[in-house]
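Quick notes on the structure that follows.
The values are calculated or read from the model by the stated rules, or taken from the named source; none is laboratory data. Here the structure is a predicted model, which is why all the values come from computation and not from measurement. Every residue, glycine as well, gets a Cβ built from its backbone with ideal geometry; the counts of neighbours run over all protein chains shown. What goes into the accessible areas is simple: the full protein's heavy atoms, side chains included, and nothing from ligands, DNA or RNA. Shrake-Rupley method; radii C 1.70, N 1.55, O 1.52, S 1.80 Å.
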Amino acid sequence: MEVATPVKGTVTQRAIGQIKEMIAEGALAPGQRLPTERDLAARLGIGRSSMREAVRALTVLGVLEARHGSGVYVTQLAAGDLLETFGLVAEISPKAGLVELLEVRRILESAATAQAAARIDADQLAEVAGHLAAMNETSEAEEFITADMAFHRAIAQSAGNETLAAIIERLSSRTFLARVRRGHQDADAFAQAREDHARIYRALEARDPEAARTAAAEHVRVVEEWLRSQLG
């Protein structure tokens, strides 16, 4: 469902702000059902049509959830849901924007990988090893991307910060990786990528945060520099 972004300063925009404030202050808790549209509009002193638009906009953003026959509820406000629209930026940005997003990913992923090296347990390390093996066993682009995504997702989750993991996930969507890697893979970069991932894994296995940070940053930097060369 396509919803136009309310113009700043409009009644709808103010309604959105008021509902967000109620959630932030705890007047509406995660999972709680909102008052009826009529009651909430009266409480906030706005028209029902503006309230309806505000609810629709916040639903698109993952803040609210409409349940058929039950009403409108505050979601669990999970970082992954709230950052869903962030992933759209990674999927539709022009090439110059992709370079900037890779810079962001390099900064965040290197930090997350360093943190994971300090916190990862044996089961999590085994999961990362499994995804590394899957990358080593395929030369098919789609299969490689699937294993690549799973490898980095497992590491980010091992870092123990759900918000950080959610941001990295949005910067590592299938569409984003396919756009960035398509030409790079055509340039026979599978061997380089496999070695990069192996280096990251060895740092995790050694529980060496600085080595993990460096390996992760270098892995993204290689692709980042290749993309910059395409722009030039």
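Extending 7 Å from the Cα toward the beta-carbon at both residue 123 and residue 84 defines two label points whose distance is 2.9 nm. Between residue 61 and residue 32, the modelled label-to-label distance comes to 1.8 nm, taking each label 7 Å out from Cα in the direction of the beta carbon. Projected label points at residue 230 and residue 96, each 7 Å from Cα along the beta carbon direction, are separated by 1.7 nanometres. Positive-end ranking of 159, 144, 198 along the dipole of the chain, with charges on Cβ about the Cα centre, is headed by 159.
For Cα Rg over 2.2 N^0.38 Å, the candidate list reads [x] 1.23; [y] 1.36; [z] 0.95; the entry that matches the value derived from this model is [x].
What is the local net charge at residue 43, summed over the other residues whose Cβ is closer than 13 Å to its Cβ (Lys, Arg +1; Asp, Glu -1)?
On the way: positive: 38, 48; negative: 21, 37, 39.
Local charge sum for residue 43: -1.
Based on Cα contacts under 8 Å between residues 6+ apart, the chain shows a relative contact order of 21 percent. Shown for the chain are the DSSP H helices of 30 Å or more along their axis, judged by Cα atoms, with a mean Kyte-Doolittle hydropathy of at least 0.0: 95-119. Highest mean first, the peptides 81-87, 199-205 sorted by other C-beta atoms within 10 Å per residue fall in the order 199-205, 81-87. Here the accessible area of the chain is 51 percent carbon and sulfur, with a 1.4 angstrom probe and all protein chains present.
Run the helix sum for the chain: -39,500 (n - 2.57) per DSSP H stretch of 4+ residues, divided by residue count, reported at 222 nm to the nearest 500 deg cm²/dmol. Could the numbers behind the result be given before it?
Working: 12 runs with 167 residues, N = 232.
Rounded to the nearest 500, it is -23000 deg cm²/dmol.
Quick one: accessible area per residue over the chain, 1.4 Å probe, rounded to a whole number of Å²?
On the way: 12040 Å² over 232 residues.
For the chain, the per-residue accessible area is 52 Å².
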